[in-house]
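Q: Quick one: the structure is below, and I'll ask about it shortly.
We did not get these values from a lab; they are worked out from the coordinates using the rules stated. Quick caveat, the model's predicted, so the values are computed rather than measured. No Cβ is skipped: glycine too gets one built from the backbone with ideal geometry, and neighbour counts run over all protein chains shown.
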Amino acid sequence: MFDVAIIGAGVIGASIARELSKYQLSTILIEAENDVSMGSSKANSAIIHGGYAESHSKVKGRFCYKGRVQFSKLDKELNFGYKENGSFVIAFEEENLPKLEELKANGELNGLTDLSILTKDEIIKLEPNINPEVKYALYCKGAGICSPYEFVIALTENAIHNGVELKLNTEVTSIKEIDSKYFEITSKDENKIYARYIVNAAGLHGAKVANMLGDKSFEIYPRSGEYMVFKRGYGELVKQVIFQMPSKLGKGILVTPTYHNNLLIGPDALNEPVVDLNTHVERLAKIFKLALNSIPSLDVNNFIRSFSGVRAVSSTDDFIIRASEVNPRFIFATGIQSPGLTSSPAIAQEVVCLLKENGLELKENKNFDPYRKPIIPDPSKKVWAEGIEIKKYVDLPKGDPDRFVCRCEQVSESTINEALNRNIPITSVDAIKRRTRAGMGLCQGTFCRSRVFEYLKDKVQDRADINTDIQDKHLSRVSKSELLNYMKNN
Ligand SMILES: Cc1cc2nc3c(=O)[nH]c(=O)nc-3n(C[C@H](O)[C@H](O)[C@H](O)COP(=O)(O)OP(=O)(O)OC[C@H]3O[C@@H](n4cnc5c(N)ncnc54)[C@H](O)[C@@H]3O)c2cc1C
């Protein structure tokens, strides 16, 4: 019998698991997929938002800044990759100035103290490649970028290290309350898990999981957003995260460096009848055109990959963080659309308070260890091999820790082994990709996929478990040639 079962190992479930590991509790984190961070938490803009964009009247408005300010400490403890590079919301028209002032006032109501409105000269000094037509920008000095899936992996590894149990490949299909005391949680493969409290952090499936105990108080609707990733190094084109003016559907198209120095543009926003993770050439072409308004020198030839993320938009258009109306030991942390990644540390703390308010006894875990070593050595200190030297490392024999398994991202065998030796079981080539970046470079895994597989099959005893599929193979992802062709003809 567990004290708490958390359903869903995205950034919300993983943050809650780690927060609960600070107490003397038995906690289980249950995930339907074969790894953590397989939902919205893996495919998003990766921005640690300032906290000015969502209204103070909304939970998401009040939680964003509270989460943001915790990232620096979290990264020092967990080493997942975070950088405070600041953000701009840019305006090209004089009449947009009041809208920027409105955002600034809203941010200040949300607690922010690092907002200012910059004029053209000030903007260009900080961001030389920006469209020179720019007139004003709302500048948020403390906004940042992170590696979102590495964050979830780090949170989960640390939670496990502090006593949390992780159960992958376990899709919860029904929940039953027994004797008004505890829950019986049944998974697709008919396994039973028993827990006194349940936290529903099931992302897009939050309403479905709520319904398992008869709570129909909200719905979740999918809203997709597509992106274009540009090659590593091209992130230098911009320093800050550059947003255009927000609209009703979201924060608009952004241009940003990623933590690992790729460039990212997107997302658009489309309400979908069902979850759709394909990318579409006409949507990407539109995103690229809109991004040119921010950075006119953007070169489509540096595009390497497209992807889509799906927001879990709730029927209240807000985060749903509360106890269920049908059972106070059933706690919701769902409907967590943007800025959910940023808000996640604050959401986790709120969920712990809700569990306590509803009777869970919390005794400090004096052995809690907040630290977790990085898998990827500090990228800012990485010395990149060049020319003939690359081949030398690639050709080293298997078993040499310096051997480059991935050529484009220069991922060595020691990094692959580091990923394989952590406490989250790894059964797919893509799980290694998310932890090491092997396969994220120019060739997108053409060279290294089979080499990575060699290490995986040595490590994983039961070969039947290994998932060698190219991630989301069934999905249609727009290629560079397809996009270039479309743009030439339209
Ligand atoms: C396009 C886009 C851009 C975004 N940009 C940003 C941004 O820049 N900054 C920011 O702060 N936020 C951003 N967000 C929001 C952020 O990504 C989400 O708020 C966050 O990832 C939600 O995390 P989650 O854990 O609730 O959901 P998820 O990551 O989706 O996790 C839910 C998990 O539950 C599992 N699950 C579901 N049902 C079951 C079941 N029955 N049994 C077991 N497991 C189950 C799923 O497999 C999944 O792994 C963006 C989101 C999108 C889609």
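Q: Using the Cα centre as the reference, give the magnitude of the dipole from point charges on the C-beta atoms of segment 379-459 (Lys, Arg: +1; Asp, Glu: -1; all else neutral), rounded to the nearest 20 debye. Intermediate results must be reported in sequence, preceding the final value.
A: Numbers: 16 positive and 11 negative charges, 51 e Å.
That gives a dipole near 240 debye.
Q: To check my understanding: the extent here is largest minus smallest coordinate of the Cα atoms along each principal axis. What are those three numbers for segment 227-331, in Å, largest first?
A: Taking max minus min along each principal axis of the Cα atoms, segment 227-331 gives 55, 27, 24 Å.
Q: Could you run the Karplus curve 6.51 cos²θ - 1.76 cosθ + 1.60 with θ = phi - 60° over segment 419-436 and give me ³J(HN,Hα) per residue in whole Hz, x for Gly and Pro?
A: These are the phi-based 3J(HN,Hα) values: 4, 5, 9, 7, 8, 9, x, 10, 10, 9, 4, 5, 5, 5, 4, 5, 8, 10 Hz.
Q: Using only the alpha-carbon atoms of the chain, report the extent along each of the three principal axes, biggest first, to the nearest angstrom.
A: If we take the Cα atoms of the chain, the spans are 67, 62, 44 Å.
Q: Over 24 Å between Cα atoms: which of 22/208; 286/480; 76/398; 66/356; 76/381 fall into that group? If you can, show how the numbers build up before the last one.
A: Values: 22/208 29 Å; 286/480 15 Å; 76/398 33 Å; 66/356 20 Å; 76/381 16 Å.
From the list (22/208; 286/480; 76/398; 66/356; 76/381), the Cα-Cα distance tops 24 Å for 22/208; 76/398.
Q: Please tell me the relative contact order of segment 16-88 in percent, rounded to the nearest whole number, where contacts are Cα pairs under 8 Å and at least six residues apart.
A: Working: 28 pairs, mean separation 12.0, N = 73.
Relative contact order of segment 16-88: 16 percent.
Q: Report for the chain the percent antiparallel among DSSP-assigned beta bridges with both residues inside it, nearest 5.
A: Details: 54 of 73 bridges.
Expressed as a percentage, antiparallel bridges in the chain total about 75.
Q: Going Cα to Cα from residue 289, which aspartates and glutamates come in below 17 Å? Please leave out same-chain ones fewer than 8 positions away.
A: 133, 226, 268, 299, 482
Q: Pull up all non-local amide H partners of residue 26: gap of 5 or more, or a different chain, and H-to-H distance under 5 Å with H placed in the peptide plane.
A: 3, 4
Q: Moving on. Run the numbers on segment 379-459 and let me know its relative contact order in percent, using alpha-carbon pairs under 8 Å that are six or more apart.
A: Rounded, it is 25 percent for segment 379-459.
Q: Percentage of Cα-Cα pair distances in segment 379-459 greater than 18 Å, rounded to whole percent?
A: Working: 1119 of 3240 pairs.
Percentage above 18 Å: 35.
Q: Below 8 Å between Cα atoms, with a sequence gap of 6+, how large is the relative contact order for the chain in percent?
A: Numbers: 1077 pairs, mean separation 93.9, N = 490.
The normalised contact order for the chain reaches 19 percent.
Q: With a 4.7 Å Cβ cut-off, tell me which Cys residues in the chain come up empty for a partner.
A: By the Cβ distance rule, which asks for a partner under 4.7 Å, the isolated cysteines are 64, 140, 146, 353, 408, 443.
Q: Once amide H atoms are placed 1.01 Å from N in the peptide plane, what residues at a sequence separation of 5 or more from residue 195, or on another chain, have their amide H within under 5 Å of its amide H?
A: HN-HN under 5 Å from residue 195: 2, 183, 185.
Q: Moving on to the next point. Using the Cα centre of the chain as origin and beta-carbon charges of +1 (Lys, Arg) and -1 (Asp, Glu), tell me which of 85, 109, 235 is placed farthest towards the positive end of the dipole.
A: 235
Q: Output ³J(HN,Hα) for segment 338-352: one whole-Hz value per residue in order, computed from phi by the Karplus curve 6.51 cos²θ - 1.76 cosθ + 1.60 with θ = phi - 60°, and x for Gly and Pro.
A: 4, x, x, 4, 5, 7, 3, x, 6, 4, 4, 5, 5, 5, 4
Q: Can you list residues from other chains, or at least 5 along the same chain, whose modelled amide H is less than 5 Å from the amide H of residue 406?
A: Those qualifying (amide H under 5 Å, at least 5 residues apart or on another chain) are 411.
Q: So, one more: Quick check: the distance between the Cα centres of segment 200-257 and segment 89-163, to the nearest angstrom?
A: Cα centroid of segment 200-257 versus Cα centroid of segment 89-163: 16 Å apart.
Q: How big is the charge dipole of the chain about its Cα centre, in debye rounded to the nearest 20, if each Lys and Arg gets +1 on its Cβ and each Asp and Glu gets -1 on its Cβ?
A: On the way: 64 positive and 63 negative charges, 122 e Å.
Computed about the Cα centre, the dipole is about 580 debye.
Q: In sequence order, what are the phi-derived ³J(HN,Hα) couplings for segment 409-414 according to the Karplus relation 6.51 cos²θ - 1.76 cosθ + 1.60 with θ = phi - 60°, rounded to whole Hz, with x for glycine and proline?
A: For segment 409-414, the Karplus-derived couplings read 9, 6, 8, 8, 4, 5 Hz, x marking Gly and Pro.
Q: Okay, helix-only estimate at 222 nm for the chain: each DSSP H run of n ≥ 4 adds -39500 (n - 2.57), divide by all residues, round to 500 deg cm²/dmol; what do you get? Could you put the intermediate results ahead of the total?
A: Values: 14 runs with 144 residues, N = 490.
Result for the chain: -8500 deg cm²/dmol, rounded to the nearest 500.
Q: Let me ask something additional. With each pseudo-label sitting 7 Å past Cα toward Cβ, what's the residue 179-residue 450 distance in nm, one decimal?
A: 5.9 nm
Q: What is the dipole size for segment 101-239, taken about its Cα centre, with +1 at each Lys and Arg Cβ and -1 at each Asp and Glu Cβ, in debye to the nearest 20? Spell out each step's value before the answer.
A: On the way: 17 positive and 21 negative charges, 28 e Å.
Dipole about the Cα centre, nearest 20: 140 debye.
Q: Let me ask something else. Viscosity 1.002 mPa s, temperature 20 °C: what is the translational diffusion coefficient of segment 1-41 from Stokes-Einstein with a Kirkwood Rh over Cα pairs, rounded to a whole number of µm²/s?
A: Numbers: Rh = 10.4 Å.
Using the Kirkwood radius from Cα pairs, D works out to 206 µm²/s.
Q: Still on this structure, I have one more. Residue separation times 0.36 nm, minus the C-alpha to C-alpha distance between residue 261 and residue 382: what's the value? Walk me through the numbers before you get to the answer.
A: Numbers: separation 121, 0.36 × 121 = 43.56 nm, distance 1.25 nm.
42.3 nm is the gain from fully extending residue 261 to residue 382.
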